[in-house]
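What follows is one structure encoded as structure tokens, with my remarks underneath.
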Amino acid sequence: MSTRQVRIDRPLRWDLPYDPAMTSAIVAELLNVAPFCDMPPEAFSASVPLTGILLNDCRILELQPGDFIVREGDYGSSAFLIIDGEALVSLNSLPAEFLGRKKQKQRGFSNGLSQGWGKALAQIWKNHRRAEVHVPEPYHSNANQPLQIRRDGDQTRVFLHDIPRIMAAHETKTLTPGEIFGEVSAMTRSPRSATVIAKSAMRVLEIRWQGFREMMKRHSSMKVHIDQQYRQNNLQEHLRETPMFQHLSPHQIQRIADATIFETFGTFQWDQNFKSTKQQDISTRIQAEPIIVAQGEYVNGLMLIRNGFARLSRRHGHGEQTITYLGRGKSIGLREIHHNWKHGEQTPWLLNLRALGYVDVLQIPTEVVEEVLLPSLPADHQPFPLPTQPELASGNFRRKTQRKEIIEPNFIEFLVENRFVNGREAMVIDLDRCTRCDDCVRACASTHDNNPRFNRQGEIYDHWMVTQACMHCLDPVCMIGCPTGAIGREQDTGVVTINDQTCIGCQACANSCPYGNIQMVEIQTAKGQPIQDFDGLPILKATKCDLCSDQLGGPACLRACPHDALIRIDLTHTDDITNWSRR
């Protein structure tokens, strides 16, 4: 048996640069621009120098007036620095159709009239007999449309036609060279809070979050700027909306915000290796997850989950047993801190907390929690008590409150391992009740012009199947990278939809979806003629479940099931899962 070893170069972070077109000459130019000219090279490590970040983690965007840089509601992974030219920030929301998104028109009663019902009924006989029928009309053919599309080399640019007229109706702010924007969304994985449009011809440096984070770590002024922006514009509002802090005064909120530490754990683009890590055994996967809180160590603060998901587990034999998961708005540490403050003990962390993919954590130091929060903490927010050390020693400790029913641990494990905890509107089928009649599929096809938007298959636990349909995720990685804004989340409903007109078939969303719930289809006319480009290649469009967002009664699949075997459910709410699974 051969023992010869295969040797290869160790993969490095910058094997694939952000933009292969970046050159040393462009980097040399950037080093003369603020803030880079103020960053001493010695502040950076030899393995990750500033020149390397600019060369491998950045790209130059050449923009024309009206070009979108970021859209409100989009998810992104980069920050932007204006090199030259000016940009406009819309301080209030632009209409959905201005952003390349679909303006929903719900079928049903309209202004008290029955016209909507007629349209809904007419749909039954107006559906196309063929699948994936699309009107072969390019979006930009109508010169009166405010949103236009143009080709720029191998890039697709979306721009607003007639900026002065459109933006006159909206309050705006002008950004000038040297200003940074988009950094908070990039670092917190949150939706863009405003739309930014090129006001003039301009050059913008886009810095992906990995490189931007390195700059923040190495250059104090950059970090101070970002921290101030986050604390002023985001952190205090987040704290005020957290129930345990709502009784505090503005001064106390300010005190907590000033002391809060912002931390990130895990991989931002977790979807890229999700499918491969699923094949590993459970113990290997858990050990590979970044540790946020380690069981048995000193409780250094109250941890608030800002974004993402984390696994709560305890040591069990030679491995770890999953207890539950924590998502946005959840916290850990109050129970231990409150116990130690009240009894003068030093109980350590009782459980492990690990990052599932990517997690933003706000850490409020223990001494600040004890000083500001605990003395006035309302009774209804006080945590479940821990046994004191004398009680543990005597064995006389009894529960002072009733233990809540918890979801079956193996079901929790199933949800966590498949990352279904990301789903806000997951389709779950009870296979004991389902007769495989396919009424749900036919209803979906009827609602979408004979084009079904889901597959009645998926991962199975016991007799529950999480069906292969868009879950309208809490962390929608499919929305990152769409060049035209065709895929977006409706702000009012949270539904993720695709605008057929502005979808260019680039497959970015389908490739990003970790669950395979977005399909690329070849489109055709009502007569069955394939729609192709001038090179004879088929035109593709992205399709997926849109929760029947334009229907009066909601998801057609749910309404059509004759056996009550199907539900759309938020898998982040374990209580709802428990109630439904035990019905």
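Considering only the range 499-511, state which residues are closer than 13 Å to residue 476 by Cα and buried (at least 18 other Cβ atoms within 10 Å of the Cβ). Lay out the reasoning, then the answer.
Our first condition is that a residue be closer than 13 Å to residue 476 by Cα; within the range 499-511, this holds for 508-511.
Passing the criteria: 508, 509, 510.
Show the residue pairs meeting these rules: Cβ distance below 6 Å; 6+ apart or different chains; first residue within the range 539-551 and within 15 Å of residue 455 (Cα to Cα) and of a type outside the set (A, V, I, L, M); second residue in a strand (DSSP E or B) and modelled with pLDDT of 90 or more.
Filtered contacts from the range 539-551: 543/519.
Which of the residues belonging to the range 26-66 are closer than 20 Å to residue 84 by Cα and small (Gly, Ala, Ser)?
Answer for the range 26-66, where residues must be closer than 20 Å to residue 84 by Cα and small (Gly, Ala, Ser): 28, 34, 66.
Within the range 37-67, track down each residue that is in contact with a strand residue (DSSP E or B) (Cβ under 9 Å, 6 or more places away or on another chain) and either among the β-branched types (Val, Ile, Thr) or without any contact (Cβ under 8 Å) to a residue 24 or more places away in the chain (or both).
Residues satisfying the conditions are 53, 60.
From the residues in the range 240-267 that are assigned to a helix (DSSP H, G or I) and touching a residue at least 40 places away in the same chain (Cβ under 8 Å), which one is surrounded by the fewest Cβ atoms within 10 Å (Cβ to Cβ)? Talk me through it step by step, then tell me what you get.
Going through the range 240-267, the residues assigned to a helix (DSSP H, G or I) turn out to be 240-241, 243-245, 250-259.
Subset that is touching a residue at least 40 places away in the same chain (Cβ under 8 Å): 243-245, 252, 255-256, 259.
Working: 243: 10, 244: 19, 245: 20, 252: 17, 255: 16, 256: 23, 259: 16.
Here the answer is 243.
Can residue 336 be described as assigned to a loop (DSSP other than H, G, I, E, B) and in contact (Cβ under 8 Å) with a residue 40 or more places away in the chain?
Details: assigned to a loop (DSSP other than H, G, I, E, B): no; in contact (Cβ under 8 Å) with a residue 40 or more places away in the chain: yes.
No.
Determine, yes or no, whether residue 13 is within 31 Å of the chain's Cα centre (by Cα), at pLDDT below 90, open to solvent by 60 Å² or more (accessible area, probe 1.4 Å) and of a type in the set (Lys, Arg).
Details: within 31 Å of the chain's Cα centre (by Cα): yes; at pLDDT below 90: yes; open to solvent by 60 Å² or more (accessible area, probe 1.4 Å): yes; of a type in the set (Lys, Arg): yes.
Criteria met by residue 13.
Collect the residues in the range 313-342 that are more than 20 Å from the chain's Cα centre (by Cα) and at pLDDT 90 or above, keeping them in residue-number order. Show your work before the answer.
Initially, the range 313-342 is screened for residues more than 20 Å from the chain's Cα centre (by Cα), giving 313-324, 332-342.
Across the range 313-342, the qualifying residues are 332, 333, 334, 335, 336, 337, 338, 339, 340, 341, 342.
From the list 341, 349, which residue is under 18 Å from residue 297 (Cα atoms), of a type in the set (Phe, Trp, Tyr) and assigned to a loop (DSSP other than H, G, I, E, B)? Can you show your working first?
Working: 341 fails: assigned to a loop (DSSP other than H, G, I, E, B).
Among 341, 349, only 349 is under 18 Å from residue 297 (Cα atoms), of a type in the set (Phe, Trp, Tyr) and assigned to a loop (DSSP other than H, G, I, E, B).
Could you go through the range 466-481 and let me know if any residue there is farther than 16 Å from residue 568 by Cα, under 14 Å from the mean Cα position of the chain (by Cα) and open to solvent by 40 Å² or more (accessible area, probe 1.4 Å). Even if it seems obvious, please write down each step before you answer.
Keep residues of the range 466-481 that are farther than 16 Å from residue 568 by Cα, which gives 475-481.
Next cut, under 14 Å from the mean Cα position of the chain (by Cα) only: 475-481.
From what is left, the residues that are open to solvent by 40 Å² or more (accessible area, probe 1.4 Å) are 481.
For the range 466-481, residues farther than 16 Å from residue 568 by Cα, under 14 Å from the mean Cα position of the chain (by Cα) and open to solvent by 40 Å² or more (accessible area, probe 1.4 Å): present.
Let's see how each residue does on (1) farther than 22 Å from residue 329 by Cβ; (2) open to solvent by 40 Å² or more (accessible area, probe 1.4 Å):
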| position | (1), (2) |
| --- | --- |
| 434 | yes, no |
| 495 | no, no |
| 515 | yes, no |
| 527 | yes, yes |
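Step by step: first the residues of the range 348-391, then only those that are at pLDDT below 90 and β-branched (Val, Ile, Thr), then the one that is surrounded by the fewest Cβ atoms within 10 Å (Cβ to Cβ). Which residue is that?
Here the residue is 388.
Got a number for residues in the range 281-317 being touching a helix residue (DSSP H, G or I) at 6+ places or on another chain (Cβ under 8 Å) and either of a type in the set (Lys, Arg) or not in a strand (DSSP E or B) (or both)?
Going through the range 281-317 one residue at a time, the tally reaches 7.
With the checklist (1) exposed (fewer than 14 other Cβ atoms within 10 Å of the Cβ); (2) in a helix (DSSP H, G or I); (3) at pLDDT 90 or above in hand, flag the one item residue 32 doesn't pass.
Unmet for residue 32, out of (1) exposed (fewer than 14 other Cβ atoms within 10 Å of the Cβ); (2) in a helix (DSSP H, G or I); (3) at pLDDT 90 or above: (2).
Quick one: in the range 559-583, of everything that is in contact with a helix residue (DSSP H, G or I) (Cβ under 8 Å, 6 or more places away or on another chain) and either more than 23 Å from residue 418 (Cα to Cα) or among the polar types (S, T, N, Q) (or both), which residue is surrounded by the fewest Cβ atoms within 10 Å (Cβ to Cβ)?
Within the range 559-583, the subset in contact with a helix residue (DSSP H, G or I) (Cβ under 8 Å, 6 or more places away or on another chain) is 559-562, 566-572, 574, 577, 581.
From the residues that got through so far, the ones that are either more than 23 Å from residue 418 (Cα to Cα) or among the polar types (S, T, N, Q) (or both) too are 559-562, 572, 574, 581.
On the way: 559: 15, 560: 18, 561: 20, 562: 10, 572: 23, 574: 18, 581: 18.
Across the range 559-583, the extreme among qualifying residues is 562.
Does residue 516 satisfy being over 21 Å from the mean Cα position of the chain (by Cα) and assigned to a loop (DSSP other than H, G, I, E, B)?
Numbers: over 21 Å from the mean Cα position of the chain (by Cα): no; assigned to a loop (DSSP other than H, G, I, E, B): yes.
When the stated conditions are applied, residue 516 does not pass them.
Of these, 48, 89, 27, which one is surrounded by 16 or more Cβ atoms within 10 Å (Cβ to Cβ) and assigned to a helix (DSSP H, G or I)?
Details: 48 fails: assigned to a helix (DSSP H, G or I); 89 fails: assigned to a helix (DSSP H, G or I).
Answer to the check: 27.
The values are calculated or read from the model by the stated rules, or taken from the named source; none is laboratory data. None of the values given here were measured: they were computed from a predicted structure. Please note: Cβ atoms are built from the backbone with ideal geometry, for glycine as well, and neighbour counts cover all protein chains shown. The area values use the complete protein model at the heavy-atom level, side chains included, leaving out ligands, DNA and RNA. Shrake-Rupley method; radii C 1.70, N 1.55, O 1.52, S 1.80 Å.
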